[in-house]
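Right, one structure below, let's go through it.
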Amino acid sequence: MKQSYLASGILAVIFAMSGQGAFAQTEQDVPVRFEMQQTDKGLVRLDTRTGIVSLCATKAEKLVCQPSLDGIMVYEDEITRLEAENDKMRQELRRISEALATLTEDASIAAIKPEAGLDLSIVKQQEEGWFGDEEEQKLEEALEFTENAMRRFFSVVEEMKDDFQKGENEQPAQ
């Protein structure tokens with residue numbers, strides 16, 4: 001508890017020393033993530049994005065930072081929020097999976113034995129043709145164009161073949 005009061009006091013000093021409050025700034029405006037301030041107990045670190053204050057001390061030649069109780073509560077609240085969100089998403093995924101399984105089963109049954117009153121207009125349309133009338137017309141035009149192009153190509157090949165054979169026959173034997 002004493003550490004929490006100390007951290008709160010240090011936080012107030014840091015805000016008073018800075019020209020602007022860290023919370024008033026957006027993430028793009030903040031040039032660095034952490035601000036450090038020397039104290040008699042070590043360093044106080046302020047996370048400028050979250051506002052969490054940590055007391056840092058050198059232990060075994062490493063800087064070790066311990067977040068304040070308020071900071072720990074922020075992390076715990078975030079974990080609780082994420083767990084609840086995760087549970088909600090899992091339930092939604094389970095609901096969607098069950099709905100998909102039901103739809104798949106219904107589609108399989110309908111494909112084998114249509115039920116009375118089941119609308120199969122899409123299936124009937126596909127039995128008549130793969131596409132609608134406009135698409136069928138476009139496909140027919142494309143096939144006709146391709147057929148004409150192939151006929152022209154093969155007639156040119158035949159003409160070249162005939163010309164080549166005439167050229168061989170006209171050459172004098174040596």
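Atom-type composition of the exposed protein surface of segment 49-112 places 59 percent of the accessible area on carbon and sulfur (1.4 angstrom probe). Backbone phi angles across segment 96-103, fed through the Karplus curve with coefficients 6.51, -1.76 and 1.60 (θ = phi - 60°), yield HN-Hα couplings of 5, 4, 5, 5, 5, 4, 5, 4 Hz in residue order; Gly and Pro are listed as x. Straight-distance candidates among the aspartates and glutamates for linking to Lys62, with alpha-carbon spacing under 12 Å and chain neighbours fewer than 8 residues away dropped, are absent. Can you pull out the GluC sites (Glu not before Pro) in segment 53-113 whose DSSP state is coil and whose Cβ has at most 10 other Cβ atoms within 10 Å? Loop-located and lightly packed - Glu61.
The values are calculated or read from the model by the stated rules, or taken from the named source; none is laboratory data. Note that the structure is predicted; figures quoted are calculated from it, not measured. Virtual Cβ from ideal backbone geometry, glycine too; neighbours counted across all protein chains shown. Surface areas here come from the heavy atoms of the whole protein model, side chains and all, with no ligands, DNA or RNA. Shrake-Rupley method; radii C 1.70, N 1.55, O 1.52, S 1.80 Å.
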